[in-house]
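The values are calculated or read from the model by the stated rules, or taken from the named source; none is laboratory data. Since this is a predicted model, take the numbers as computed values, not measurements. Ideal geometry is used to build each Cβ from the backbone, glycine not excepted, and the neighbour counts take in all protein chains shown. Ligands, DNA and RNA are excluded from the accessible area calculation, which covers all protein heavy atoms including side chains. Shrake-Rupley method; radii C 1.70, N 1.55, O 1.52, S 1.80 Å.
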Amino acid sequence: MQPLEKIKLACSIIRQFKEKNLIQISYPFENATLNLNDDMFLMDIYNEVTSDNYVPSSAYIIDIPKPRGLIRHFSYITVKDQLLYTLLIIDCFPAIFNKIARSSPVDSLEVLKNYPIDNTWMKKQIRGDLMEKRKPLFDKGYSSILNSDISAFGPNIDIRTLCNELQEAGAPITAVQKLEKCLRKWSPLGHKGVPQVYFATDLLAEFYLKPVDRYFATFGDSIYLRESDNLEIWCKSKSSCKEMLTNLSRILYDRGLYLNNNKTKIVNEKSVDRNEHPMEHKKYGWRNDFKQKYNNVMNLYYRFEQRFFINECSRRLKNNPEFTIALLQHYSTQRININRSLIRFLTSSDAIYSYQNYIVIKWLITNYREPDRILLQIVRQFAWNEGNPYYLRSIARYFIYKHGNDTDHDMIETRSRETTDELEMADMLYLSGLSKDFILNG
């Protein structure tokens, strides 16, 4: 594959992945970079990031709320680093695909080119669907089922082991060496963990678990199923399930991985709902409950709230910060005005999660067409408070540049000239309308 074709494919892969993964942090100038149709510019980026002199930036860790006040950690890496990461995976993809693919076509790179245009690519080509895999197993004598998933899978992937196995699989040595250098730079510990929520990481994760898949394929009396880091082992007795649990724990431990104790259960086949997706098992709690609750019942209640001028959006954001994106999408779908409720939330002591505030302001940019003085003042405080993470300041500045006054515009343009931070400079130049020159020449 020629360099220009590779960099264009990398841009397409990243764009498509962003569209499917709304939890990602995304700066507007980065989207403009990925969408800029300029061959010379793209080749300049390609030559820069593939140069031996290119030094990737450290990853920024983003804290995303989970149920019960817990936190999930995701990584942000710069758009140039994202492109380098994807380019390296393109180089390694034939070797990866040979090990993890559900089929073996003549040209694996032709398969990769379909990813940007196929929303089901990962399940078709790599993972399969756990729901479909388990359907033929009911009523076939598999009375006990081991359900589990891997705890903190991505953060526990051993970088040295991963890269050694990539090289053994036939991936280009130079690409693997550069990939290892990048992964170590992006890892908080330097020796384990891969950046979370990236297409390249999804492929590496599948590759890393393939030895586990191969091990359990040798057991004739049990059926091993996996989708991502969710696992099921179907056995003909409870004692066999216990034996498989021991084997699973051991082989994962050998790879630096651990089962999630809270989600590890041995259940009877008759207790399993055949129409429920195994990745949303009732015993796992919030995912299935949320879908049933909000998709079926809450839409009617939202209309009731609107009719009687009741709005509990701020309370829901407080109680369920992990559902912020889904909640706001539901309100948008039902066309319910939640502007006042969002102002109450942002000015309350409950707005403690930077990521949640980021999502709320990002939603307001698109859905709140007539911001008032109070909201602008609230968002200005987020924009210029240096104690906030930069991604929150960035989205707040985007809001006030779009809806604010000349003073707001002047402050952003001044900041674009004064800052020495490359990310902030690109961000502010984009907002102030100077981005094209910066992207092409900066």
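Connecting C-alpha atoms closer than 10 Å in a GNM of the chain, tell me which of 96, 223, 77 has the biggest fluctuation.
Looking only at 96, 223, 77, the largest GNM fluctuation is found for 223.
Evaluate the distance, in nm, between pseudo-label points positioned 7 Å from the Cα of residue 377 and of residue 275 along their respective Cα→Cβ axes.
Reported label-point gap for residue 377 and residue 275 is 5.3 nm.
Between residue 143 and residue 47, what is the label-to-label distance in nm when each label sits 7 Å out along the Cα-to-Cβ direction?
Simple spin-label model gives 7.0 nm for this pair.
Quickly estimate the mean residue ellipticity at 222 nm for the chain, helices only: each DSSP H run with n ≥ 4 gives -39500 (n - 2.57), and the total goes over all residues, rounded to 500.
Here the helix-only value at 222 nm equals -16500 deg cm²/dmol.
Could you tell me which of 365, 208, 230 has its Cα farthest along the dipole of the chain towards the positive end, charges placed at Cβ (Lys, Arg +1; Asp, Glu -1), taken about the Cα centre?
Ranked along the dipole, the leading option is 230.
Label the stretch 1-68 by shape, choosing from rounded, prolate and oblate, from the square roots a ≥ b ≥ c of the eigenvalues of the Cα gyration tensor; if a/c is under 1.5 it is rounded, and otherwise prolate applies when a/b is larger than b/c, oblate when it is not.
Prolate, because a/c is 1.5 or more and a/b exceeds b/c.
For the chain, what does the relative contact order come out to in percent, with C-alpha contacts under 8 Å and a separation of six or more?
Relative contact order, the chain: 16 percent.
Just to be sure I follow: if Rg is taken over the C-alpha atoms of the stretch 84-207 and Rh is the Kirkwood radius over the same atoms, what is Rg/Rh?
Values: Rg = 16.4 Å, Rh = 16.0 Å.
Taking Rh as the inverse mean 1/r over Cα pairs, Rg/Rh reads 1.02.
What part of the accessible area of the stretch 336-442, given as a whole %, is carbon or sulfur when the probe is 1.4 angstrom?
Accessible surface attributable to carbon and sulfur in the stretch 336-442 totals 47 percent.
Top mean-square fluctuation among 14, 71, 25, Gaussian network model of the chain, C-alpha springs under 10 Å?
71
Among 236/265; 66/362; 238/265; 318/402; 238/270, which pairs are too far apart, with a Cα-Cα distance over 18 Å? It would help to have the intermediate numbers written out before the result.
Working: 236/265 16 Å; 66/362 20 Å; 238/265 11 Å; 318/402 27 Å; 238/270 13 Å.
The pairs that break the limit, which is 18 Å between Cα atoms, are 66/362; 318/402.
What does the extension gain come out to for residue 414 and residue 107, with contour length at 0.36 nm per residue minus their alpha carbon separation?
So the extension gain works out to 105.4 nm.
Give me the percent of accessible area attributable to carbon and sulfur for the stretch 176-228, probe 1.4 angstrom.
Details: 1080 of 1980 Å².
It is 54 percent, rounded to a whole number.
Quick one: longest stretch of the chain between exposed loop chymotrypsin sites (Phe, Trp or Tyr not before Pro), exposed meaning at most 10 other C-beta atoms within 10 Å and loop per DSSP?
That would be 1-307.
Only Lys, Arg, Asp and Glu count, each charged at its Cβ (+1, +1, -1, -1), so figure out the dipole size of the chain about its Cα centre, rounded to 20 debye.
1980 debye
By its C-alpha gyration tensor, with a ≥ b ≥ c as the square roots of the eigenvalues, how is the stretch 37-137 shaped: rounded for a/c under 1.5, else prolate for a/b larger than b/c, else oblate?
Oblate, because a/c is 1.5 or more while a/b does not exceed b/c.
Run the accessible area of the stretch 4-96 with a 1.4 Å probe and give the carbon-and-sulfur part as a rounded percent.
Here it works out to 51 percent.
Could you give the C-alpha radius of gyration of the chain expressed as a fraction of 2.2 N^0.38 Å, taking N as the number of residues it contains?
Its radius of gyration relative to the 2.2 N^0.38 Å reference: 1.07.
Kindly report the accessible area of the chain per residue (heavy atoms of protein chains, probe 1.4 Å, no ligands, DNA or RNA), in Å².
I get 48 Å² per residue for the chain.
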